[in-house]
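Visitor: This is the structure, below, for whatever I ask next.
Only the coordinates and a few stated rules stand behind these numbers; no lab work does. Bear in mind the structure is a predicted one, so any value in this text is a computation, not a measurement. Don't worry about glycine lacking a Cβ; one is built from the backbone with ideal geometry, like all the others, and counts go over all protein chains shown.
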Amino acid sequence: MSKQYDEAAFEDEIAAALLKRGYTRVPSDDFDPERGIFPDEVVSFVQKTQPEAWEQLETAHKGSARERFLQELTSALERQGTLELLRHGLRTTGTKIELATFQPNTGINPELQARYEANCLGVTQQLHYSATNPKLSVDLALSVNGIPVATGELKNTFTDQANRDAREQYRQDRDPSEPVLRFKRGALVHFAIDQHEIHYTTELAGEDTHFLPFNKGHEKGGGNPPRENDHRTAYLWKDVWEKDSWMEIIQRFIHIDTEEIKKDGITVEEDETIIFPRYHQLECVRQLVASAKEEGPGEDYLIQHSTGSGKSKSIAWLVHRIVSLHDDQDDAVFDGVVVVTDRTVLDEQLRNTIYELDHKTGVVHPIKGENRSKSEELAEALEAGKPVIITTLQTFPYVIEHAQSLPERDYAVVVDEAHSSQSGEMSAEMKGILSGVDEEDIEDWEDAMAENAKSRNKQPNLSFFAFTATPKAKTLQAFGEPDGDGGHEPFHLYSMQQAIDEGFIIDVLQNYTTYETFYNVAKVVEEDPQVPEQKAVNAISRFLKLHPHNVSQKVEIIVEHFRNHTQHKIGGKAKAMIVTSSRAHAVRYKKSIDDYIEENGYDLSALVAFSGTVEDDGSRYTEREMNGGIKESELPNVFDTPEYQVLVVADKYQTGFDQPLLHTMYVDKKLSGIQAVQTLSRLNRQHPGKEDTFVLDFENEQAEIKEAFEPFYGKTTVTEEMDPQHLQQLASELDAFRIYEQEEVDRFVKVFFDPSNTGTEGAHGKLSSIVQPARDRFVAKEEEIQEDFRSTLRSFLRLYKFQSQIVSYADTHLEKLYTFGRFLYKELPRQSHDPTVEFDDELALQYYRLEKSEEGSIGLSADAGEVEGPTETGTGGSEADDEVELSTIVEKINEKLGTDFTEADQLFLEQLKEDALEDDHLRRSARANSRENFALEFDDALTSMFIDRMDQNQELFAEFMDNDEVQEAITKHLRQQVYQESQSG
């Protein structure tokens, strides 16, 4: 007998809920593992619902009808798969046998409804599925008329197991070659379930099995909301698996996507994927359909779904449903559906999805404008009553115009903004068509829609379904739902925060930094006595001697940062985007980058994107000419190749540009509101091995960016200004827990970065064994200490990841601890409600290892590097330079360098000297150190002081920054004066 808190009780509870909802208990003993079905259930369904067809089989096979039927069914499952047979039946001996009956669109045919009611949905506990090992079982199996369609592995958090354990069980212990577990041939979907979360996969593939979350979302983030007196995940078995819901999912949602794999333009193979809806997709489509059925045409719906939500699939499912939607009187709700999109790929996806679901062709009609105008073709398609019409944003106003001329017909207009024009501009034709609308108010599709809504009264024959990730205020006002507080909200929301929590996009604000923060972190870290003097660290001093007051110096910062910190990301495939403020600005950036790369002999290449022709410094430039003849239409594909790493943009590719390899963005343009969100979101696409992003912003304040993102995040995660010294403090706190020994950290790093370790797979066992003692010590600690350690380690890993994108720590205790810590973090036992583990991507670990190896920043010595701090007073060299009066500095520089500095410049230098003498830290440093050691600190401080006072003397500031000889002369003389005067202070 199971205890009330164990896994068996959890399983019983789910089964009991299903039995209450019309399921039948099907014993595991009735299962045939070799055929992968419940034979008696299948035969019984056919005999009861299709007696004439079964009689034909009896006549044809004379006494062996059952065996021949089961044999042909098994063969068909191997050839066609479960989904195809459930949807479209089995053809055998001239007879079509339905293996399931789905709910009809209308109630006109009572016989079909009766057949639908006769479906037998079965639940089996502990299904012994293996023909070779009868002891193996999965916790739950769902079947339709004897054919398995889903399996479930359950884990009970009360007994210290969680969802991740169920996923691992599928990966490690469930053989995907077994008939019932085989892709397409067996169950369609496999669920990992605990009391808090649900994940699923449609293909078991051992270690390569990929699970997706099937969670409702909670407080605009991931996970699930609490349910009163029930499990958070009870919606799965009480709502989703309910008979009508589950049969509709099989009929109208699950389908197979086929992707052609091409090589040199030739299709070499096809990759098939079973698509199962994520929860928000299922909920959104169902809510829209229910509202449209109840309200009829003439309503507007705004769907705010973040990037990563799978909008293309949601749109395809919605279109498929509403094109055949009938109301309670069995009348069609819409006469046609018009899809407005700039994505040509959506045309093909819609056609494929609808064919997969219905086996119907000719349903989708794209407007191509071949041999006539698109508006004429659109008018003909509407008048001809084509079920689904796909057209572009530019012809959107004609949809309104023609719908008004056909008042007797009702249309659903589905608008997809996800990839609106990459130029970011509306066509003049589009603006002109919108009669009565101020052209200045039209910038994009949202403006067009909102302004058009204002200019027309609500059309009773037209419903809008608009999908957007970042709705403007005017769009919410025009199409949103009243929120009860005088404002408006979307009809359905899938927030950025939920997409981030569920791993579909990357949080671009996690490593967002302004130039001021970037500069300060680099400066403090360079002064850190625990950072060794190695090339990777010394490179930072270049940043400290630069200030981005012109393009050439920004280019040096950008290119050197890209080379040192970005280039090796994502397995050496990482790319960057530079966002400029104007077309002329983009031209100058491209020229300067090309010159800098050539001067230094770097193996990098950049492209530029801007519209039209730009005149600058007496020359004319076009995008195509500056890109060596690459056509505008070819640029995205060319940038996708390994040949190019950097893209400079001016008002292009800041929306509607999918490039998953984009890792870093350098922003040199004022951004605000939706433009800020859309621009920075170019970085958020996931890619294998891409575990973070980086933004260096020369123009904007952190508070401005946070404010821009807040309405769309649900909750914001903008990193606050941080103290770089905090990293060292966190490392000390971690050491104090005594969870790990330094010897273990050093040993782990040696194995991890061993050149013979060409993949983390090969060394995984060894690495895991090194980490296990630390894990055991962690487990032995009290729960409160465990949580403190986990929280501190997580903070350390996140802060290190951020700061290491600004500076290279090289062979330090911090670098080693980060490498060891990220592996340890994923090994620590977790509470089921804890957030998803962040540092556990094996491929990302391997890319990280390669990245660090290529940077050459890891030494394998177990000895910790040490750097001497400031010496005591009187130690070190003591020779003094000849004293030089400050009043003669300008004269000497002019004489030596041929410059033309004035008394005003001399006064400026006097002020800088006074600034330095008023700095208590500098004065103490001068008294405690030799001149040589003092120089290490003073020279950088002087650069900062110059920057602080740059507005008072721009000419001298520019000369100091750009002329190394001037900088050396001024620094030497001021350093000498400050050092000398500090001794007597």
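Visitor: Positive end of the charge dipole of the stretch 276-330 (Lys, Arg +1 and Asp, Glu -1 on Cβ, about the Cα centre): tell me which of F276, S324, P297 has its Cα farthest that way.
Guide: The one lying farthest along the dipole's positive direction is F276.
Visitor: How much length, in nm to one decimal, is gained on full extension between Y355 and E78, taken as 0.36 nm per residue of separation minus their Cα-Cα distance? Don't jump to the answer; show the numbers that get you there.
Guide: Working: separation 277, 0.36 × 277 = 99.72 nm, distance 2.13 nm.
Taking Y355 through E78 to full extension adds about 97.6 nm, to one decimal.
Visitor: Which net charge results for the neighbourhood of A17, defined as the other residues with beta-carbon distances under 15 angstrom from its beta-carbon, given Lys and Arg at +1 and Asp and Glu at -1? Provide the component values of the computation, followed by the final result.
Guide: Values: positive: K20, R21, R25, R227, R232, K238, K243; negative: E11, D12, E13, D139, D230, D239, E242.
Residues near A17 contribute 0 overall.
Visitor: Now a separate question. Q553 to Q952: extension gain in nm, 0.36 nm per residue of separation minus the Cα-Cα distance? Before the final figure, lay out the partial values.
Guide: Values: separation 399, 0.36 × 399 = 143.64 nm, distance 2.02 nm.
Result for the pair: 141.6 nm of gain on full extension.
Visitor: Give, in nm to one decimal, the length gained when the segment between E643 and D257 is fully stretched (0.36 nm per residue of separation minus the Cα-Cα distance).
Guide: Working: separation 386, 0.36 × 386 = 138.96 nm, distance 3.11 nm.
Full-extension gain reported as 135.9 nm.
Visitor: Follow-up. Based on the Cα atoms of the stretch 1-138, what semi-axes does the equivalent ellipsoid have, where each is the square root of 5 times one gyration tensor eigenvalue, given in whole Å with the largest first? Walk me through the numbers on the way to the answer.
Guide: Values: eigenvalues 180, 91, 30 Å².
So the three semi-axes of the stretch 1-138 are 30, 21, 12 Å.
Visitor: Which of rounded, prolate or oblate describes the stretch 603-750 when judged by the alpha-carbon gyration tensor and an a/c cut-off of 1.5? Walk me through the numbers on the way to the answer.
Guide: Details: a/c = 2.60, a/b = 1.78, b/c = 1.46.
Since a/c reaches 1.5 and a/b is larger than b/c, the shape of the stretch 603-750 is classed as prolate.
Visitor: Could you tell me the calculated FRET efficiency between E632 and E965, based on Cβ-Cβ distance and R0 = 56 angstrom, to the nearest 0.05? If you can, show how the numbers build up before the last one.
Guide: Numbers: r = 45 Å, r/R0 = 0.80.
For R0 = 56 Å, the calculated efficiency reads 0.80.
Visitor: With the cut-off at 1.5 for a/c, could you classify the stretch 64-131 from its C-alpha gyration tensor as rounded, prolate or oblate? Present the calculation step by step, with values, prior to reporting the outcome.
Guide: On the way: a/c = 2.15, a/b = 1.34, b/c = 1.60.
Because a/c hits 1.5 or more and a/b fails to exceed b/c, the stretch 64-131 counts as oblate.
Visitor: Pop a pseudo-label 7 angstrom from the Cα along the beta-carbon direction at both Q113 and E270 and give the gap in nm to one decimal.
Guide: Between Q113 and E270, the label points sit 3.9 nm apart.
Visitor: Run through the stretch 564-602 and list the chymotrypsin sites (Phe, Trp or Tyr not before Pro) located in a DSSP loop whose Cβ has at most 16 other Cβ atoms within 10 Å.
Guide: Details: sites: Y589, Y596, Y602; in loops: Y602.
Sites meeting the loop and neighbour criteria: Y602.
Visitor: What are the GluC sites (Glu not before Pro) within the stretch 194-229 that DSSP puts in a loop, where the Cβ has at most 10 other Cβ atoms within 10 Å?
Guide: Numbers: sites: E197, E203, E207, E219, E228; in loops: E197, E203, E219, E228.
Filter output for the stretch 194-229: E228.
Visitor: Within 10 Å of each candidate Cβ there may be at most 14 other Cβ atoms; applying that plus a DSSP loop requirement, which trypsin sites (Lys or Arg not before Pro) in the stretch 33-95 survive?
Guide: On the way: sites: R35, K48, K62, R66, R68, R79, R87, R91; in loops: R35, K62.
Passing sites in the stretch 33-95 are K62.
Visitor: Based on Cβ point charges of +1 for Lys and Arg and -1 for Asp and Glu, what charge dipole magnitude is obtained for the stretch 566-695 about its Cα centre, in debye rounded to the nearest 20? If you can, show how the numbers build up before the last one.
Guide: Working: 16 positive and 19 negative charges, 96 e Å.
Dipole about the Cα centre, nearest 20: 460 debye.
Visitor: Provide the net charge surrounding G628, with neighbours chosen by a C-beta distance below 12 Å and charges set as Lys +1, Arg +1, Asp -1, Glu -1. Walk me through the numbers on the way to the answer.
Guide: Values: positive: K590, R624, K631; negative: D594, E623, E625, E634, E643.
Net charge in that neighbourhood comes out at -2.
Visitor: Looking at this model, which pairs from K20/K135; K569/K816; K313/K474; K781/K801 are more than 24 angstrom apart at the alpha-carbon?
Guide: Values: K20/K135 29 Å; K569/K816 18 Å; K313/K474 27 Å; K781/K801 27 Å.
Too far apart for the 24 Å limit: K20/K135; K313/K474; K781/K801.
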